[in-house]
Amino acid sequence: MPALCSLLMQQRSVCSRGPWTSNAGWPSTTVAHPLSRRRPAVATSAVSGSAPQPPAAPEQKQKPGSSSAATSQRQRPSPPATTQRGQPPAGYTSHTQQHYSSNSEPITSFGFAKGFADKYKLEKQLGSGTFGIVHVAVNKETGERFAVKSMPKRFASAGHLEPYYVRRVRNEVDICNHLGRSLNVCYLYEVFEEKNCVDLVMELCSGGELWDKVKLNSYSESDARRLVREIVRAVAQCHGMNVMLRDIKPENFMFLDKHPDSPLKAIDFGISIFCQTGQYIDVRAGTPIYIAPEVLRMNYTLSADIWSLGIVAYQLLTGRLPFAGEEGLEVSEEYMAKKVFDNKEVFRAVLFAHLDFELPPWDTLSGAAKDFVQACLQRDEKLRPTAEQLLEHPWLQDELQVSEVPFSDTIVQRLQRFGLYGRFRQVAFKALVRNMAGDSEALADMRQAFQLMDTDQDGRVTYSELKKSLQDGHFSLSQAEAEQLLEQVDTLHRGEIDFAEWAAAMADWRSVKAGSDWDRLVANAFASMDPTSSGVLSAVDLERLLCGEEGCEVPDMVDAALREADADHDGAVDLQDFKAFLASKTDDSLALFDSRLSRDGSDGSGSEGSQK
Ligand SMILES: Nc1ncnc2c1ncn2[C@@H]1O[C@H](COP(=O)(O)OP(=O)(O)OP(=O)(O)O)[C@@H](O)[C@H]1O
């Protein structure tokens, strides 16, 4: 795509603003909102027409302004055991980890695949951001439509890529790959690289940004509730996968299609970071009006995302920002009208402004809605609920509780949950099911659903049979989404699945683990994965188990399994390691995932993104 890339290079100077990451603090100059495309360049003389670039390398820490610093002393949580930049979690399947260390080697290219233009044809532009322009891209062979984000390369010297650009691209690719096939996240299909450009081929979201709906301010409370629930789900799934989003705002959520009940997808993981529960981060990042107070103090945890989520929920319910009184009103009004703000004033508002819950429309909104938003917008982050706790908040509860829903209605939730397990856990669960096959009571619902799909009763369901039954009016899934979900059950790409694979995806493992038979099942499953009875699963065994005889396409897959499961670091997984590995992830809640039951009997294939 040389022509597109050079066009993008020329445009760089006008679109090089975005959410920042820096542990040097933001400059206290007046700048426009980081999303550049909707606003004129309004930077003052101090930044001469363009917002400041993020630093190429971490700089010395800078204390917040004195008044903020005083507040931060008052509000600072007790010192964490460690304050650090996010590290990829154990089991994280990065194609590289070196960019998480501050002294990564300069590189001239990423090594992504070539040949974007051979495979795709570009169509209309969808939007642009700090790092690239997004177009519709059509697969020349299949006619499938995608969104492609073209990110022009930024060079430092001697042909080396700018370190910040490298981190940004790798971050987005790694985090999207890590999050896998969550239906609440815009799916990344493939990545290409040319001399001057990187192209990210993504799921096409043709329904527009959430920001456009915020601006319309025509939501009922129940509309807002549905959207907030989807955002909380996305955040809960990311946090469950040790990812902090760090840039939650309405512009970073898009509707899959134009249907009034369209699903919402998180896009843009450029400044997201790997972060474990309880881990503190010291790098300021985000879009100032949405950032949490403790991010300004450069000492924050996953709960910083909950504050940003609270701001978005507030906007969806009221059409404005919460900051009121002397310190906040002007900032709120300026921003909602023109997306322009002064950093100093925004920081003051975030730290001190009165948060309004009295003015209209709060008098007409439910007490539960108010309680939900107030819980998120607590300045003391230790008082904020987690995303998972928020899903249990009365305001987000459906009339019908998940536990009362018949098994067949939760299949899409179960498939999403399976997708977030990671390959080794998926393979281990399949082995467990093969050893449970006689347990007809525990597997009865799953067997019934499987038999309904297995029309010729040969014990196998083809990929297309499965896709068809998912799309048969019961679930509102686009073609692309149905494929995303099913690929993960058919991990070895054989085009069909057997009952063990299906049941591994469908089972409630938390309750199986609680059963008295668990230890025996684990031991039998381990033995079946270790046919030579060597007592350990070596790297070679793992490669065969994870990827079949062909070997792994993704080079890191075996290492990732070892990182996650080889607790004693001896280069292999023994029975003890295997037991601890299976016990380590206990969350099994279906509430984290959208059920995607058809709301109006349509099959959801109105998605532009899914049309072939
Ligand atoms: N998957 C998608 N489908 C449709 N449109 C999209 C998609 N992804 C992005 N867009 C459009 O392109 C715009 C720019 O994308 P994005 O925000 O990811 O770019 P960026 O350069 O990473 O942005 P930022 O300035 O926030 O760093 C979005 O605001 C949206 O309008």
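Only the coordinates and a few stated rules stand behind these numbers; no lab work does. Keep in mind the model is a prediction, meaning the values are calculated, not measured. All Cβ positions, even for glycine, are placed from backbone atoms using ideal geometry, and neighbour counts span all protein chains on display.
The packing ranking, built from the mean of other Cβ atoms within 10 Å per residue, places the peptides 405-418, 241-254 in the order 241-254, 405-418, highest first. As a proxy for reagent exposure, ARG229, ARG434 were ordered by neighbouring Cβ count within 10 angstrom, fewest first; the result is ARG434, ARG229. Partner lysines whose Cα lies under 29 Å from the Cα of LYS430, excluding those fewer than 8 positions away in the same chain, are identified as LYS467, LYS468, LYS513, LYS579, LYS585. Less than 5 angstrom separates the built amide H of SER598 from those of PHE475, SER476, all sequence-distant by 5 or more or on a different chain. For LYS119, the aspartates and glutamates whose Cα falls under 14 Å of its own Cα, not counting residues fewer than eight places away in the same chain, are GLU141, GLU144, GLU190, GLU193, GLU194, ASP199.
Pairs LYS124/LYS195; LYS114/LYS140; LYS213/LYS258; LYS249/LYS339; LYS249/LYS338; LYS215/LYS249: which are spaced more than 21 Å apart, C-alpha to C-alpha? Intermediate results must be reported in sequence, preceding the final value.
On the way: LYS124/LYS195 23 Å; LYS114/LYS140 16 Å; LYS213/LYS258 12 Å; LYS249/LYS339 13 Å; LYS249/LYS338 16 Å; LYS215/LYS249 13 Å.
Listed pairs above 21 Å: LYS124/LYS195.
Shown for TYR120, TYR463: other C-beta atoms within 10 Å of each C-beta, ranked fewest to most, produce the order TYR463, TYR120. Taking the average, over residues, of other Cβ atoms within 10 Å as the packing measure, peptides 336-349, 419-432, 519-532, 105-118 rank 419-432, 336-349, 519-532, 105-118 from highest down. Here the 3J(HN,Hα) profile of the stretch 501-517, calculated from phi with Karplus coefficients 6.51, -1.76 and 1.60 at θ = phi - 60°, is 5, 4, 5, 4, 7, 8, 5, 8, 5, 4, 6, 4, 4, 6, x, 6, 8 Hz, Gly and Pro shown as x. If the reach is capped at under 12 angstrom between alpha carbons, list the aspartates and glutamates near LYS265, excluding any in the same chain fewer than eight residues apart. Leaving aside aspartates and glutamates fewer than 8 places away in the same chain, those within reach of LYS265 are GLU203, GLU209, GLU230, GLU251, ASP257, GLU481, ASP594.
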